[in-house]
Amino acid sequence: DGGITQSPKYLFRKEGQNVTLSCEQNLNHDAMYWYRQDPGQGLRLIYYSQIVNDFQKGDIAEGYSVSREKKESFPLTVTSAQKNPTAFYLCATQGRDRGYNEQFFGPGTRLTVL
Amino acid sequence: RKEVEQDPGPFNVPEGATVAFNCTYSNSASQSFFWYRQDCRKEPKLLMSVYSSGNEDGRFTAQLNRASQYISLLIRDSKLSDSATYLCVVNPYHLTGGGNKLTFGTGTQLKVEL
């Protein structure tokens with residue numbers, strides 16, 4: 001099946017721990033994005049990557065890190081420096097199949113800091 | 001002023017009704033526009049893309065008014081399954097230009113009732 005997978009679906013973390021969220025895609029899309037969503041707020045961009053081995057900070061990158069070693073994978077690490085990490089994390093991809101720029105989302109990871 | 005503004009609702013409508021949502025955006029140079037649907041605790045899913053003055057897909061019609069900087073979504077013959085949050089999304093960059101960062105509204109909640 002073609003698509004975007006994120007794991008785990010639910011993640012619980014103790015304060016002070018780093019955790020890594022997985023995002024994998026087999027859509028052959030060049031661009032990948034990480035967002036967080038909090039209740040009552042729109043999606044906010046954390047990091048994005050338009051090509052392998054390159055990525056840029058989004059609007060709220062502090063306390064997060066990413067890597068893009070493979071086209072298919074864009075893992076997000078939530079570090080202990082992130083002050084309020086409890087949120088719904090969404091990974092998205094964007095292709096150039098039709099010259100358009102719609103983004104498609106994975107099912108998300110719910111992170112809770114205990 | 002927020003970059004993308006939506007009435008949060010909720011809009012409570014009876015099954016079979018017609019309902020319309022508006023969304024305003026602040027960047028007059030914005031080039032592409034989308035409506036996404038998000039079910040409770042799920043990822044956003046692309047509903048419609050709006051690239052010209054508007055387009056129609058079955059019971060759904062999206063319209064774009066560049067002069068007034070708003071996008072609308074019209075749903076005819078509402079179904080119970082239409083209950084969801086509808087996100088207005090704007091790309092401030094031209095399709096062929098650099099950057100593919102999307103700006104998300106906070107969403108309008110629709111509840112369709114018997």
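Observations, loosely collected:
- Criterion (within 11 Å of chain A (Cβ to nearest Cβ) and farther than 21 Å from A:F105 by Cα) met by exactly one of B:E5, B:E56, B:E113: B:E5
- Residue satisfying condition, being touching a residue at least 60 places away in the same chain (Cβ under 8 Å), surrounded by fewer than 19 Cβ atoms within 10 Å (Cβ to Cβ), in contact with a Leu (Cβ under 7 Å, 6 or more places away or on another chain) and not in a strand (DSSP E or B), within set B:G9, B:G16: B:G9
- Selected residue (only one of A:R110, A:R98 is at pLDDT 95 or above, out of contact with any Cys (no Cβ under 9 Å at 6 or more places or on another chain), open to solvent by 40 Å² or more (accessible area, probe 1.4 Å) and within 10 Å of another protein chain (Cβ to nearest Cβ)): A:R110
- Inside region B:63-88, residues that are within 24 Å of A:R44 (Cβ to Cβ), part of a strand (DSSP E or B) and either more than 12 Å from chain A (Cβ to nearest Cβ) or modelled with pLDDT under 95 (or both) make up a count of 5.
- Scan region B:31-58 for residues that are more than 13 Å from the chain's Cα centre (by Cα), within 26 Å of A:Y89 (Cβ to Cβ) and surrounded by 13 or more Cβ atoms within 10 Å (Cβ to Cβ) and the total you get is 2.
- All positions within region B:102-114 that are surrounded by fewer than 19 Cβ atoms within 10 Å (Cβ to Cβ) and at pLDDT below 90: none
- Region A:18-54: number of residues that are surrounded by fewer than 22 Cβ atoms within 10 Å (Cβ to Cβ) and of a type in the set (K, R): 1
- All conditions but one from (1) free of Cβ contacts under 8 Å to residues at least 24 places away in the same chain; (2) over 10 Å from the mean Cα position of the chain (by Cα); (3) open to solvent by less than 10 Å² (accessible area, probe 1.4 Å) apply to A:K57; the one that does not is (3).
- Matching residues, region B:55-71, being more than 24 Å from B:S83 (Cβ to Cβ) and small (G, A, S): B:A67, B:S68
- So A:L43, is it among the hydrophobic types (A, V, I, L, M, F, W, C) and either at pLDDT 95 or above or on the phi > 0 side of the Ramachandran plot (or both): no
The values are calculated or read from the model by the stated rules, or taken from the named source; none is laboratory data. These numbers come from a predicted model, not from an experiment. We place every Cβ from the backbone using ideal geometry, glycine too, and count neighbours over all the protein chains shown. Keep in mind that these areas ignore ligands, DNA and RNA; they rest on the heavy atoms of the full protein, side chains included. Shrake-Rupley method; radii C 1.70, N 1.55, O 1.52, S 1.80 Å.
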